[in-house]
Amino acid sequence: MITFRAEGSSPDEIVPASPPPPGLTSNWVDPESIASGLIVPNVVFMVLAIVAVALRMYTRVCLIHNVGSDDCKFVLCSLPPSDGGCGWCVLCVVLWFADVWCGN
C-alpha cells in the first residue's frame, strides 16, 4: 500500500493513501499474512524439481554415460541463488535462449 506523510502528522504515524473498503479496518500492528500458505507448495515443488534433476543426472551419468551441456544447465538452474535473488534463473534463461537460437 502506498503511504505518505500528511501535513501535521508525526513521522511514526502511518497514513494510508486511501481509506480501507467499507466494513474493513486497517491493521498496522499485526497484519494478516499469506506467507505460511505459500511455503508449503514452494517446498513441495522444490523437492519434486530436485528429485527430477537427480533422476535425470543419474540416468545420464550412470545408465547412458553421456552428459551434455543441457544436463549441466539443469544442475546449475537447480542450485539456490547465493544472494537471495534470482541470479541463476536469469543465467539459465539466457543459456536456454542461446541453445534455442543456435539450434542445439
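The values are calculated or read from the model by the stated rules, or taken from the named source; none is laboratory data. Note that this is a predicted model, so its numbers are computed, not measured. Methodologically, a virtual Cβ is constructed for each residue, glycine included, from the backbone with ideal geometry; neighbour enumeration extends over all protein chains shown.
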Matching residues, region 37-72, being part of a helix (DSSP H, G or I), among the small types (Gly, Ala, Ser) and at pLDDT below 90: GLY37, ALA49, SER69
May I ask you to verify whether TRP88 is modelled with pLDDT under 70, in contact with a Pro (Cβ under 8 Å, 6 or more places away or on another chain) and not in a loop (DSSP other than H, G, I, E, B)? yes
